[in-house]
Amino acid sequence: MGSRRAHHLPWSRAGNLADNDLSADEVVRETGWVFNNETGADLTLEEFVNTGDREVKRYIRLLELENISLESSTLLEIGSGIGRMTSSFTNRCRKVIAADVDSAFLERCRQTVARYGRIDRLSTLHVIDGRSLALSDNTVDVVFSYITLQHCQPQDAIDLIKEAIRVTSSGGTVVLNFRTWVLKDVALVPLGIAVRALWKVPVVGTRLAHWRWSTRLGWQANRLKPDTVVAAVAPALREIKVFHSAKRKLQVSACGIIPVQARPTNRINPSHWWLVAQVS
Ligand SMILES: C[S@@+](CC[C@H](N)C(=O)[O-])C[C@H]1O[C@@H](n2cnc3c(N)ncnc32)[C@H](O)[C@@H]1O
């Protein structure tokens, strides 16, 4: 069971679809689009996991993470879904903790990793309230989160980032993906607010949250700028880098005396940016 907060509805809806006797390939056909935006009657879990593996490789390179010795690291993935990237992480890391707000996804994630990764290296963590991690301080070396923090209410996202830093050992690395403003948000953001308000209406709302168009409009619950995030967490971090699309200018100012390195990079979505930093 997941949370009943409006911005969690698309996930619990997809989680309910995953929580049955469907084969893994059928689950990817039914719900896979919520993770990698691909639809089609021919989709398979294997291809789905391959997209995750390619993206893991790509982000290790683009985000300059090659120097992290993953083979001796415990990695926490926040928003693992059904394990699209998790399998790849278990093949590279000593230990992986897959965390998600939906428990049915975590069960499917275990099945995915059992087929395509190293199940002996995996444990799962249910993020019941969507904003706190039931882990002790200093338990992981790396935290990775992709296309997940954009789906949280702004304060939940900030709380999760603080939690990510709390559970990471000193000298460990956080690698966190965010969505920020683009021009089309002038229309998308108010529509998203309206759709999420409708999701709360009894009966109608639950039905509405089942439709793909409504999910896609309502599920991005925040746009966070680098300066906002960095200001909230900078004192706990060092070597702060903000990677963003080379196609756009994004304001990244130093936070007090803590320097922030801007890294305009090709092949990053113009609406995305990444915070990569070491925990002090
Ligand atoms: C777009 S999917 C991305 C999944 C995965 N990172 C990938 O790329 O395939 C977002 C995932 O984040 C999870 N999620 C959303 N809000 C969350 C929260 N507050 N805490 C943990 N997981 C969350 C959803 O259940 C979903 O599995």
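At 0.36 nm per residue, minus the direct Cα-Cα distance, what do Ser103 and Arg267 gain on full extension? Give it in nm, one decimal, please.
Working: separation 164, 0.36 × 164 = 59.04 nm, distance 3.21 nm.
Value of the extension gain: 55.8 nm.
Considering only DSSP beta bridges where both residues belong to the chain, give the percentage that are antiparallel (nearest 5). Within the chain, antiparallel bridges account for around 35 percent of the total. Given an 8 Å cut-off on Cα distances and at least 6 residues of separation, report the relative contact order of the chain as a percent. Here the relative contact order equals 16 percent.
Beyond 29 Å in Cα-Cα separation lie the following of the pairs Lys200/Lys249; Lys95/Lys184; Lys57/Lys225; Lys57/Lys247; Lys200/Lys225: Lys200/Lys249; Lys95/Lys184. Based on C-alpha pairs under 8 angstrom that are at least 6 apart in sequence, segment 154-230 has a relative contact order of 39 percent. Between Ile97, Ile68, Ile240, the residue with the greatest mean-square fluctuation in the GNM of the chain (Cα pairs under 10 Å linked by springs) is Ile68.
Given the chain, report the % of alpha carbon pairs whose separation exceeds 29 Å. Of all Cα-Cα distances in the chain, 29 percent exceed 29 Å.
The 3J(HN,Hα) values that the Karplus relation (6.51, -1.76, 1.60; θ = phi - 60°) gives for segment 63-75 are, in residue order, 9, 6, 9, 4, 7, 6, 7, 4, 4, 10, 10, 9, 10 Hz. Gly and Pro appear as x.
Around the amide H of Ala246, modelled in the peptide plane, lie the amide H atoms of Thr265, Asn266, Arg267, Ile268, all under 5 Å away and 5 or more residues distant in sequence or on another chain.
Rolling a 1.4 angstrom probe over the chain with all protein chains present gives an accessible area of which 53% lies on carbon and sulfur atoms.
Take segment 6-279 with all the other protein chains still there, run a 1.4 Å probe, and you get 44 Å² of accessible area per residue.
Per-peptide packing, taken as the mean over residues of other Cβ atoms within 10 Å, places 209-219, 193-203 in the sequence 209-219, 193-203 from highest down.
For Gly172, the residues whose modelled amide H falls within less than 5 Å of its own, excluding neighbours fewer than 5 places apart on the same chain, are Val279. For Arg118, the amide hydrogen comes within under 5 Å of the amide hydrogens of Thr90, Asn91, counting only partners 5 or more places away or on other chains and with H modelled in the peptide plane. With the simple model of a label 7 Å out from the Cα in the direction of the Cβ, Val182 to Arg94 spans 3.9 nm.
The values are calculated or read from the model by the stated rules, or taken from the named source; none is laboratory data. This is a predicted model, so every value here is computed, not measured. With ideal geometry, Cβ positions are generated from the backbone for all residues, glycine too; neighbour counts draw on all protein chains shown. Surface areas here come from the heavy atoms of the whole protein model, side chains and all, with no ligands, DNA or RNA. Shrake-Rupley method; radii C 1.70, N 1.55, O 1.52, S 1.80 Å.
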